Each structure stands twice: as structure tokens, then as C-alpha cells.
Amino acid sequence: MEEAEPQLILSIIRDVTERKRTEEMLGLTQLSVDQAGDLIQWLGPDGQVLYASESSCRRFGYSHEEILTKSVFDLNPTTAPESWPEHWCLMKERGSMTFESEHRTKEGEVFPWR
């Protein structure tokens, strides 16, 4: 009779409760932002759109995939690329800014935004 090979079982147990709670909260935050009536966009230091809410996509007429290929210069005809670095620094310094501007939809409609 042949001798059986020893069987090894490795088990790793991790408490993922906190991670699951964090994921749930992020999901709720994402849902809240997406369902907000306001046009919400997150922009990068280069002016690239990193995120846009569903209401923002609808108003601008772009799908999520399309709007992520746009920059603030595509969506706001009044923003000059050479002024963006200073504007970005002011936003970072102040944490937020309120201002009025104009924006352009996919179809070329220009609308005010504040």
C-alpha cells in the first residue's frame, strides 16, 4: 500500500468589517453625488474632468465616458488655458470658490453657470 501525500491547508482570516463599512459609505456618497440636482464635476490640476455627476452629464449632453475625455476648456469657453494654473492654485488655497461662468454643451449651446 502506498503512503498518502500529506495534505496542507492554509487559512488566512481577516476582519474586513471596517473596509466593508467604508465601501458602503463610499457607495452612499457616490449615489448622493450622482443624484444631486447640481452639476458636479471634479477637475484635475491640468483642467481635465476626472468625474462628472449624472446631472452634469445630462446637462452637457455627454455620456460618462465622453465627458471624462473633456477638460474645463472644452466645457467652459470663457476659461483660458493660460489662466488655469492660477485659478487652480486659488481653488486649492481657498478650498472652494463661487463664481459665474458660461458653459458649452455637446451641441454648442452656451449657458450661464454660477
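The values are calculated or read from the model by the stated rules, or taken from the named source; none is laboratory data. These numbers were taken from a predicted model, which means no experiment stands behind them. Cβ: placed from backbone, ideal geometry, glycine included. Neighbour counts: every protein chain shown. Ligands, DNA and RNA are excluded from the accessible area calculation, which covers all protein heavy atoms including side chains. Shrake-Rupley method; radii C 1.70, N 1.55, O 1.52, S 1.80 Å.
The table that follows gives values for the structure above.
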read-out: Positions within segment 99-113 being out of contact with any helix residue (DSSP H, G or I) (no Cβ under 7 Å at 6 or more places or on another chain) and open to solvent by 70 Å² or more (accessible area, probe 1.4 Å), in sequence order; value: PHE99, GLU100, GLU102, GLU107, GLU109, VAL110, PRO112
read-out: Verdict on GLU23 being open to solvent by less than 100 Å² (accessible area, probe 1.4 Å), modelled with pLDDT of 85 or more and of a type in the set (Asp, Glu); value: yes
read-out: Residue ID - nearest to PHE60 (Cα to Cα), chosen from residues in segment 71-98 that are open to solvent by 60 Å² or more (accessible area, probe 1.4 Å) and in contact with a strand residue (DSSP E or B) (Cβ under 9 Å, 6 or more places away or on another chain); value: ASP74
